[in-house]
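S.K.: Here it is, the structure in full.
Every number here is computed from the coordinates shown, using simple stated rules; none is lab data. Just so we're clear, the structure is a prediction, and the values are computed from it rather than from any experiment. As a convention, Cβ positions derive from the backbone with ideal geometry for all residues, glycine included, and neighbour counts pool all protein chains shown.
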Amino acid sequence: MRRYGLALNINLPAFSAGDAFIVLIVGVVLYIGARLAFYAPAVVSGPTITLAPAALPWYALVSTGRMAIAYLFSLSFTIAYAYTAARNPRARLIMLPLLDILQSVPILSFLPVVLLSMTTILPERTGVEVAAIVLIVTSQVWNMTFSFYQSLTTIPTELLEAAAIFRLNPWLRFKTLEMPFGANGLIWNSMVSWAGGWFFLMAAESFNVGNRDFRLPGLGSYLQQAASVGDTTAILLGLGTLIVVIVLLDQLVWRPLLVWADRFKVEMSAGDAPPTSWFYDLLNRSWLMQQFARRVSHPSAERIDQRIVRFFDRRAATPSVVPAQRRRSLIAIGAGVIVVTLIGYAALQAAGMLITLPLNEWGLVLQGVFATFLRVAAALAIGLAWTIPVGVLVGSNRRAANFLQPVIQIFASIPATALFPVIVLALVGITGSLNTPAIILMLLGTQWYILFNVIAGTSALPQDLKYTTALLQIKGWARWRTLILPALFPYLITGLVTAGGGAWNASIVAEYVTFGGQTYSVTGIGAVIAEATASGNYALLLAATLALIISVVTINRIVWRRLYKVAEERYKME
Amino acid sequence: MAINTINNATTTPLLELKNVSRLYGKAPKQFTAVQDVSLVIHPGEFVCLLGPSGCGKSTLLRMITGLNPVSAGKVLYKGQPQASVNPHATIVFQTFALYPWLTVQQNVEVALKARGVPEAERRKKADQLLDKVGLDGFEGAYPRELSGGMRQKVGFARAMAVEPQLFCLDEPFSALDVLSAEALRGELLELWTTKSIPTEAVLMVTHNIEEAVFLADRIIVMEKDPGRVLAEVEVTLHHPRNRKDTAFQALVDKVYGLVAGRTEPEMEALGTAPGTPGQTKALPAAVFNRLAGLLETVDAEQGNEVDLYRLAEDLKLDLDDILPIVEGAEILGFATVDQGDIRLTPLGEAFATASIVARKEILAGRVMRLPIIRWIYETLQKDDNQRIAEDYFVDQLQADFGDFAKEQLDIAVDWGRYADLFAYDEGSGELFMEEDESAK
């Protein structure tokens, strides 16, 4: 049974020089953003969002369009990055730790900086659009890249040697070996990324602080507007549309892709039933598609292959000149020196900016990180408390699983950020504080990871261990302690690592809300970031964002990676 | 059947290796996989590279085909130095190396496609080759639907598709069951002796002595640590060869004697402790339980002595499986090997018949003579807590064994644990001495 979520690299050292360099680069990028923010327009007028049901198809279309554009960028980036990292050992020294950090960093914290800098260098509306896409790309690209990189580096040596001995050129090698080998992992991670993308899109579409209304026309802003004016019909219509879009994409795109890629599985494990898709079967059987394959796609693929073979043959015939390569490596060294110098300069500037921050504001940052940490811990604890019993029940009871699994999947597919305005609408009036809604948002965004992992872990329990436990008359709490909890441990850790990352992310939108013309906020690092954005305190924005990133990376390295290692080495059943 | 033209001075060799070496890693953790190998392959020859695992025979094959670069020396193909992958050579792989998502037909065709052969021609040629290896009717099947033997037939068809001059095989039958392997061996021999493939020479890597004697015109025997050529054996028996033939068996026995070597005098065999001058000898990769089983098996033989060749046959063990175990028995002083025969020493006999507790005591005395294990024991004893992380030992061993340091430590821990000298805590990755042990 596969686990759902982040795979930590337990072979990396706890902290390395590479990590420091990467945090430095992230800091520099954020600094440049914060620097640009000084020139950001003080007032950003948002779009008018109409709640008319007739506008929903259009909103759904533009939201999906943003997702699609972002996904295409992510895919191209994935292939290029994974290839470079797999081929070039020197590049790998930086590229791997970079992946490891960026996939665990709360990307949503980049949102304010990205929005401010994009609206500075681009026309307002275009800037916001670009910022949303940049945000989605940075949220979804890392796990895809990691997966494809791992596929590329785990191809069996003999398959690679066969490719070399039969002289497959790079294109044929990609087509017959590398792409098929990576396809399953890539599609699976694309689905995860796409689901995560909705979370960020909804947040980006409905983000507004102070006088800056960064909202974008789309389903996210529609839901926010509907909650803001308390229009229940519009809320339900908006949520319904969102669910329909998600389900349609799953049925028409992802399922068929999974079925198609099933042929690329290297080994068939008996336990996994092959995926099915009615839409794929329909396409596969249709006369039109068959004709298309026979007359158009197959011959043209053949022509392309032949042309590329001839291209590589010609290239092999012309001997390469050695001095040219030497010149190229000199250029590379020169470029490297310039880049490092620039990074050093910018890092100094960033440090200069941080020094200007008064001590009491540093206090705010620390206090915020701590408050958010407590909130994240509370959300994870609540998540564990209900998902373990429910997950074990569902995982060990086939009938319950058949009934509940689809229901859970639909609930899980709704991005928590889309529901957030609704929760605020319902709760802020009652409790008067944003604390409960914030924890609920964190919980909503993350509990599913834990639940899915608990279910997967329970159904992976070997039957003979269950029998042995029954024979030994181990019951009740003893049964949990000797059988269930140890077996679930690796699954729980994977779930918690992923959930933890999601919860920190949620803090950015959960702790500060402009709602119905009123602003609510609670103590927390997310609120500090949002308030700094609203008031134009860019040094504070930089400090808070960096503090958040460094805290999360540190917690990951010190707590989660250690537990993950224990899970891999002690509790993994194989 | 006189198809071989061995050592015919008038033909230019098809392939020539001149003092070829292959090193891995950087000093001081450098590891020599292949050392100073020179050999010649002539057109018309079927040559086997034979040796225990770790002797670098597969590495050598990869240098011959240009898949791996050489660290020193030269590879000449038809007198020309070789710079990259040899376009006239092909390999049949041990694990078949078929693309699981391509059909049988597509797997054969892809080799032709890479050479720009048009589609119609590709199809025709693949059909012919699949007919030749007896796979007609399976063109549309996926590799996972086929048995191991049939998969390897696809491997053969694909290799033949590119019409290689030098046909290389890397342990092509070792992943197959006995019957499939036998059938395929016969088919390979038939293709070769009837000249129905346009190949000039065959080079096969194997660790199966009988297989080499059955197929080859010449056997190049290699040894390990470091990998180098030990001897060359001509096989002049006529095809078809009969395994029950006395001449055949005598030859197998002779090669076994070469490969298994002869028990060395003690001091030379044991080497020195890690971190001290002199060479530290590697422990053979033998799980101790299997070693004990071997001693019991030999003990049951008449005169506590048996032909290694027969023993391997009886136990259904490959050369690769049995050699490390035999070597283990040798360095512990439980057995001696001479001319392909293993014989228990009195100590070995005592061990084989002893109780479990007595065995531990005998073994404790014996393994303490091995420098690596003695060094681990003494290092632990000197430690205040008598508890040291395994990484420490791995680090120390790296100077002698490079990438194989962890493997060496694992063997030492296995033996040491069996002898009750020290224990290992998997959770913390530490070696430690048990309380009662230090009290003794």
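S.K.: Over chain B, what is the mean sequence separation of C-alpha contacts under 8 Å (at least six apart), divided by residue count, expressed as relative contact order in percent?
M.R.: Values: 759 pairs, mean separation 64.9, N = 440.
That works out to 15 percent.
S.K.: Sticking with this one: Say each of A:Ala412 and B:Asn385 gets a label point 7 Å from the Cα, pointing the same way as Cα to Cβ; how far apart are those two points in nm?
M.R.: 4.1
S.K.: Oh, and also: Tell me, what ³J(HN,Hα) does each residue in the stretch A:48-56 have, in order and in whole Hz, if you take phi through Karplus 6.51 cos²θ - 1.76 cosθ + 1.60 with θ = phi - 60° and put x for Gly and Pro?
M.R.: 8, 9, 8, 8, 5, x, 5, 7, 4
S.K.: While we're on this one: Hey, can you grab everything whose amide H is under 5 Å from the amide H of B:Leu15? Only 5+ residues off in sequence or another chain; H modelled, so Pro and N-termini drop out.
M.R.: Those lying under 5 Å, H to H, from B:Leu15 are B:Ile41, B:Lys78.
S.K.: When a/c is below 1.5 the answer is rounded, else prolate if a/b is larger than b/c, else oblate, so apply that to the stretch A:300-431 with a ≥ b ≥ c taken from the square roots of the Cα gyration tensor eigenvalues. Let's see the in-between values first.
M.R.: On the way: a/c = 3.57, a/b = 1.38, b/c = 2.59.
Taking the square roots of the gyration eigenvalues as a ≥ b ≥ c, the stretch A:300-431 is oblate.
S.K.: Continuing with this model, one more query. Taking the Cα centre of the protein assembly as shown as origin and charging only Cβ (+1 Lys, Arg; -1 Asp, Glu), how large is the dipole, in debye to the nearest 20?
M.R.: On the way: 84 positive and 91 negative charges, 807 e Å.
In debye, rounded to 20, the protein assembly as shown gives about 3880.
S.K.: Give me the number: length gained by fully extending B:Glu232 to B:Ala423, i.e. 0.36 nm times residue separation minus the C-alpha to C-alpha distance, one decimal in nm. Could you put the intermediate results ahead of the total?
M.R.: On the way: separation 191, 0.36 × 191 = 68.76 nm, distance 4.51 nm.
Extra length available between B:Glu232 and B:Ala423 comes to 64.2 nm.
S.K.: Add +1 for every Lys or Arg and -1 for every Asp or Glu among the other residues with Cβ under 15 Å from the Cβ of B:Ser84, and state the total. Let's see the in-between values first.
M.R.: On the way: positive: A:Arg167, A:Arg315, B:Arg62, B:Lys74; negative: A:Glu161, A:Asp313.
Within the 15 Å Cβ shell, the charges total +2.
S.K.: How crowded by other chains is A:173-183, given as the mean number of beta carbons from other chains within 10 Å of each beta carbon? Don't jump to the answer; show the numbers that get you there.
M.R.: Values: counts 1, 0, 1, 8, 4, 0, 1, 4, 3, 0, 1.
Rounded to a whole number, the mean comes out at 2.
S.K.: Additional query: Would you mind getting me the FRET efficiency between A:Leu354 and A:Ile430? Use the beta-carbon distance for r and R0 = 35 Å, nearest 0.05.
M.R.: Numbers: r = 40 Å, r/R0 = 1.14.
For A:Leu354 and A:Ile430, the calculated efficiency is 0.30.
S.K.: Measuring from centroid to centroid over Cα atoms, what is the spacing of the stretch A:460-518 and the stretch B:293-362 in Å?
M.R.: Rounded to whole Å, the Cα centres lie 51 Å apart.
S.K.: Could I ask something else about it? For A:Ala335 and A:Ala17, what is the calculated FRET efficiency with R₀ set at 25 Å and r taken between the beta-carbons, to the nearest 0.05? Please report the intermediate quantities before stating the final value.
M.R.: Details: r = 21 Å, r/R0 = 0.84.
Approximately 0.75, to the nearest 0.05.
S.K.: Something else: Taking a point 7 angstrom from the Cα of B:Arg369 along the C-beta vector, which residues in the stretch B:327-355 have backbone N less than 14 Å away?
M.R.: B:328-337, B:345-351
S.K.: Next question. Can you classify chain A as rounded, prolate or oblate using the Cα gyration tensor, where a ≥ b ≥ c are the square roots of its eigenvalues, rounded means a/c under 1.5, and otherwise it's prolate if a/b beats b/c and oblate if not? Each step should come with its number before you reach the end.
M.R.: Values: a/c = 1.36, a/b = 1.11, b/c = 1.23.
Here chain A falls in the rounded category.
S.K.: Can you give the average number of partner chain beta-carbon atoms within 10 Å of each beta-carbon in peptide B:87-98, as a whole number?
M.R.: Working: counts 3, 0, 1, 3, 6, 2, 7, 1, 5, 3, 10, 3.
Partner-chain Cβ atoms within 10 Å, mean over residues of B:87-98: 4.
S.K.: Here's another thing I want to ask about it. Going through the cross-link list A:Lys572/B:Lys224; A:Lys265/B:Lys195; A:Lys175/B:Lys78; B:Lys18/B:Lys244; B:Lys125/B:Lys153, which pairs have a Cα-Cα distance over 27 Å in this structure?
M.R.: Numbers: A:Lys572/B:Lys224 36 Å; A:Lys265/B:Lys195 39 Å; A:Lys175/B:Lys78 34 Å; B:Lys18/B:Lys244 38 Å; B:Lys125/B:Lys153 15 Å.
Beyond 27 Å: A:Lys572/B:Lys224; A:Lys265/B:Lys195; A:Lys175/B:Lys78; B:Lys18/B:Lys244.
S.K.: A further question on this structure: In nm, what is the difference between 0.36 nm times the number of residues separating A:Ala385 and A:Arg562 and their Cα-Cα distance?
M.R.: On the way: separation 177, 0.36 × 177 = 63.72 nm, distance 2.24 nm.
Net length gain for the segment: 61.5 nm.
S.K.: Mind listing the long-range amide H neighbours of B:Leu203? Cut-off is under 5 Å, sequence gap 5 or more, other chains count too, H placed in the peptide plane at 1.01 Å from N.
M.R.: Hits under the 5 Å cutoff: B:Val47, B:Phe167, B:Cys168, B:Leu169.
S.K.: Using θ = phi - 60° and the Karplus relation 6.51 cos²θ - 1.76 cosθ + 1.60, list the HN-Hα couplings for the stretch B:40-50 in order, rounded to whole Hz, with x at every Gly or Pro.
M.R.: After applying 6.51 cos²θ - 1.76 cosθ + 1.60, I find 10, 10, 9, x, x, 9, 10, 10, 10, 9, 10 Hz.
S.K.: With θ set to phi - 60° and the Karplus curve 6.51 cos²θ - 1.76 cosθ + 1.60, what are the ³J(HN,Hα) couplings of the stretch A:511-528 in order, to the nearest whole Hz, using x for Gly and Pro?
M.R.: My calculation for the stretch A:511-528 gives 9, 8, 9, 9, 9, x, x, 10, 10, 10, 8, 10, 4, x, 5, x, 5, 4 Hz in order.
S.K.: Restricting to DSSP H runs of at least four residues, report the calculated mean residue ellipticity at 222 nm for the protein assembly as shown, -39500 (n - 2.57) per run over all residues, nearest 500 deg cm²/dmol.
M.R.: Numbers: 42 runs with 609 residues, N = 1014.
The per-residue figure over the protein assembly as shown is -19500 deg cm²/dmol.
S.K.: Next up: For B:Arg218, enumerate residues with amide H under 5 Å from its amide H, sequence gap 5+ or separate chain, H modeled in the peptide plane.
M.R.: Close amide H contacts, sequence-distant or interchain: B:Phe46, B:Cys48, B:Val235.
S.K.: What does the extension gain come out to for B:Ser196 and B:Ala183, with contour length at 0.36 nm per residue minus their alpha carbon separation?
M.R.: Details: separation 13, 0.36 × 13 = 4.68 nm, distance 1.75 nm.
So the extension gain works out to 2.9 nm.
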